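Some notes on the structure that comes next.
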Amino acid sequence: MKTASTLCLALLIPCAAQGGDVQVAVAANFTAPMQQIAAEFAKDSGHQAILSFGATGKFYAQISNGAPFELFLAADDSTPARLEKDKQTVSGSRYTYAVGTLVLWSPHSDSIDQHGQVLNNASFKHLAIANPKTAPYGMAAIETLKKLALLDRLQPRFVQGENISQTLQFVSTGNAELGFVALSQVTKDGKLNSGSAWIVPGNLHEPIYQDVVILNKGKDNPAASALHAYLKSAKARAIIQSFGYALR
Amino acid sequence: MLTDNDLQAIGLTVRLAGLTTLILFLIGTPIAWWLARSRSAWKGAIGAIVALPLVLPPSVLGFYLLLAMGPQGPVGQFTQALGIGTLPFTFWGLVIASVFYSLPFMVQPLQGAFEAIGDRPLEVAATLRASPVDCFFSVVLPLAKPGFITAGILSFAHTVGEFGVVLMIGGNIPGLTRVASVQIYDHVEAMEYGDAHRLAAVMLVFSFLVLLALYTRRPATDQAI
């Protein structure tokens, strides 16, 4: 009986934090650092960040159609710019919170050499990339292969993840031998979690600027502006860098 | 109106749904027959397993299939031993996934049709010395024909409407695993709303026509039985 009434109460009062809540849409590649930042943010400010992870293009569609997000951390700079043009954002709130690093990764420790020669040998059946039409990391992978003059040869071996998380999942389950993912997904504190990787040199693709904006729904929410500012704090920047992102 | 990629996706979807329905006729019929006639203690358990895809989120099915058919999974080990590699990201991988996914839509209407026939016609056929096989083809099949049509239409349509499982094990390869539902999702994500609208309209009209065929046919079949 007592458990039942506690459960009822828990359902009625979803969150008893003293600070405010902020609904955040987060690009999938930024999942791990954002969870850490949100935890620190809660400790330092008393505000709770409620995080949703997904593909940037999907968030654009949802936000344009009234999704309740207040802050948007995109995987690119063009989608936030487009939302700004659509008058969906608080003007002047857009800035680059991280610059992404592309990496070719395999769960096997001896699959990938220091220089990405494995792409030339082509001793694999499937190469996972994120959908280049929707995911900036997928686009960067295409640009890289184009620059290496390998695109035509390797295109038939592509398998596309819906977003960068699914791309990693294809590789980590072994269904694709290797794939282009975000460095943040496979490293922690500057060290590879497992497997082998080639960090793609920045000159092989356009830089992956990841921008954040405050959305109209978060205009009057102090928790939204607090988190927006917190992303620029030394603490947050240290976390962002520890996952292999550069800062602008 | 539709781009070449859209047409390719539609063609692939029709091919996938057609093959899946064909295979389901072959494996669904004996399962439905057994479920309709058996008094085994296992009947409840098998019926529940067949109905699972109705209740399970496609993400669960997709997740298990991805692991099972992957290089370390039991199915993956088996297919590799046969020398055909692994099944995710292949057309046949999608066919197998779709067979699981649409199984209840084949088995349940068939089971209903077989149960509606009852014992009597079979007993009569047996007294006339019809062999069980002969009895199945000349008594059961004609009587259960409306059930077969319903099961076929539902299985085909349900496979056309498949999305989550394909997304999880397909790898979105044009002409191989990028079916119409995934193509629409792609258009939406890429903010190509015009393309998304056109293909979505095709799917909407198709789905409506299928259901219209199913429901306008229904009264007539009731009379037939």
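The values are calculated or read from the model by the stated rules, or taken from the named source; none is laboratory data. These numbers come from a predicted model, not from an experiment. All Cβ positions, even for glycine, are placed from backbone atoms using ideal geometry, and neighbour counts span all protein chains on display.
Here are a few things to note about the model shown:
- Residues in region B:60-104 that are more than 11 Å from every other protein chain (Cβ to nearest Cβ), more than 13 Å from the chain's Cα centre (by Cα) and touching a residue at least 24 places away in the same chain (Cβ under 8 Å): B:Leu61, B:Phe91.
Condition check ((1) closer than 30 Å to A:Leu154 by Cα; (2) in the same structural domain as A:Ala130 (by TED's automatic domain parsing); (3) without any contact (Cβ under 8 Å) to a residue 12 or more places away in the chain) across all residues:
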| position | (1), (2), (3) |
| --- | --- |
| A:His47 | no, no, no |
| A:Ile50 | no, no, no |
| A:Ala55 | yes, no, no |
| A:Gln62 | no, no, no |
| A:Glu70 | no, no, no |
| A:Asp76 | yes, no, no |
| A:Pro80 | no, no, no |
| A:Gln114 | yes, yes, no |
| A:Gln117 | yes, yes, yes |
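- Condition broken by A:Asn175, with the remaining ones in (1) outside any loop (DSSP other than H, G, I, E, B); (2) buried (at least 21 other Cβ atoms within 10 Å of the Cβ); (3) modelled with pLDDT under 95 satisfied: (1)
- Test: A:Phe59 is more than 24 Å from A:Ser233 (Cα to Cα) and within 13 Å of the chain's Cα centre (by Cα): yes
- The set of residues from region A:226-248 being in a helix (DSSP H, G or I) and touching a residue at least 40 places away in the same chain (Cβ under 8 Å) comprises A:Ala226, A:Leu227, A:His228, A:Tyr230, A:Lys235, A:Ala236, A:Ile239, A:Ile240, A:Ser242.
- Checked against the criterion of being touching a residue at least 24 places away in the same chain (Cβ under 8 Å), among the aromatic types (Phe, Trp, Tyr) and in contact with a Lys or Arg (Cβ under 9 Å, 6 or more places away or on another chain), region A:190-201 contains not a single residue that satisfies it.
- Elements of the type strands (runs of 3 or more DSSP E) sitting completely within region A:43-161 and holding at least 1 residues that are buried (at least 16 other Cβ atoms within 10 Å of the Cβ) and more than 11 Å from chain B (Cβ to nearest Cβ): these cover A:48-54, A:71-73, A:95-100, A:102-106.
- Checking each residue in region B:179-203 for being over 21 Å from A:Gln155 (Cα atoms), more than 8 Å from chain A (Cβ to nearest Cβ) and either among the β-branched types (Val, Ile, Thr) or out of contact with any helix residue (DSSP H, G or I) (no Cβ under 9 Å at 6 or more places or on another chain) (or both) picks out B:Ile184, B:Ala201, B:Val202.
- Matching residues, region B:105-160, being within 27 Å of the chain's Cα centre (by Cα), of a type in the set (Ser, Thr, Tyr) and farther than 30 Å from B:Gly11 by Cβ: B:Ser138
- Contacts under 8 angstrom Cβ, first residue in region B:159-178 being within 11 Å of another protein chain (Cβ to nearest Cβ) and over 11 Å from B:Leu61 (Cβ atoms), partner modelled with pLDDT under 90 and part of a loop (DSSP other than H, G, I, E, B), 6 or more apart: B:Leu167/A:Glu162; B:Asn172/A:Glu162; B:Thr177/B:Gly171; B:Arg178/B:Asn172
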